[in-house]
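The values are calculated or read from the model by the stated rules, or taken from the named source; none is laboratory data. All values reported here derive from a predicted model rather than from experimental measurement. All Cβ positions, glycine included, derive from the backbone under ideal geometry; neighbour counts span all protein chains shown. When the accessible area is computed, the model is the full protein with side chains, heavy atoms only, and any ligands, DNA or RNA have been set aside. Shrake-Rupley method; radii C 1.70, N 1.55, O 1.52, S 1.80 Å.
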Amino acid sequence: ILSMSEFGFTKVGYANNRVTEVSADAVLASPAILERLNKFAKSAQVLAPKSDDFLYFTIIFLKSAEASLIDEEGNLKKLASGDRAWGYFDDKYAWHGNVRPHRNNNGDIFPESELKMAARKWIGMPLCVDHKSESVDGIRGIILDTYYDEKHKQVVGLCALDKVTYPNLARKVQTGVVRYGSMGTAVSTSICSDCGNRATTPSEYCLHVTSRSAYGEVNIGLSPMEYSLVVQPAEPGARLLQCIASI
């Protein structure tokens, strides 16, 4: 989903077409990162006098283009030919490899190098529902911490949801009724994966992008804005990992 902002395009990971499902087995993250986020939440519960007012949970924000190279356990994929999967972006963000880069259901592609620079910028941003971040009424909590998960090629975050003001939403998250997430970020430049055309405004889009015939859009220059709980995520792997109980 696309709109304009002072930074260029605004991309959100809410699906605007048919959702590709992912099995529960594919929703994995680095144990070291999850333990780090868990410890952060536990310390917040001790130090913050109102910590019991929040539900803490970890969730996958989005996956990088390079996630297409690895299997569910974070190891390099082995193709039917017997070759190991490989792929990389050159200095013009053109992809080279024997597998295509990972894209979400909206056709958005996020290079690992960009996510590594942007991951920590989500810290302190609002937790919303369905990207309703234009006013304080749409905010349901806050993003406390984020990391780039090298092994699984994804951004993983720790969120705090206001369960006193929004008890029904908190209950749905705890019971798994609401289990998907969707990132929101401004993007300075969109690059067509097919022809390499660079666009900073919709008027600069090439025919591949406007006709939706391109494999995807490579997004660079990210300025994270928020993270939302949604029903239909554009990123199939953007799923709840763990709710962290009070101590």
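Some notes on this structure:
- Selected residue (criterion: farthest from the chain's Cα centre (by Cα)) from residues of segment 58-85 that are closer than 18 Å to residue 237 by Cβ and small (Gly, Ala, Ser): 85
- With respect to the conditions (1) open to solvent by less than 10 Å² (accessible area, probe 1.4 Å); (2) of a type in the set (Val, Ile, Thr); (3) at pLDDT below 95, residue 146 lacks only one, and its number is (3).
- Yes/no for residue 72 being more than 14 Å from residue 182 (Cα to Cα) and part of a helix (DSSP H, G or I): no
- Meets criteria (polar (S, T, N, Q), open to solvent by less than 60 Å² (accessible area, probe 1.4 Å) and free of Cβ contacts under 8 Å to residues at least 60 places away in the same chain) for residue 168: no
- Index of the failed condition, residue 98 passing every other in (1) open to solvent by 50 Å² or more (accessible area, probe 1.4 Å); (2) closer than 18 Å to residue 148 by Cβ; (3) among the polar types (S, T, N, Q): (2)
- Filtered residues of segment 196-247 (kept if hydrophobic (A, V, I, L, M, F, W, C) and in a loop (DSSP other than H, G, I, E, B)): 206, 214, 231, 234, 238, 245, 247
- Of the residues 36, 84, 18, the single one that is over 18 Å from residue 120 (Cα atoms), among the basic types (Lys, Arg) and modelled with pLDDT under 85 is 18.
- If the condition is being in contact (Cβ under 8 Å) with a residue 24 or more places away in the chain and under 12 Å from residue 191 (Cβ atoms), then segment 83-99 contributes 89, 92, 93, 94, 95.
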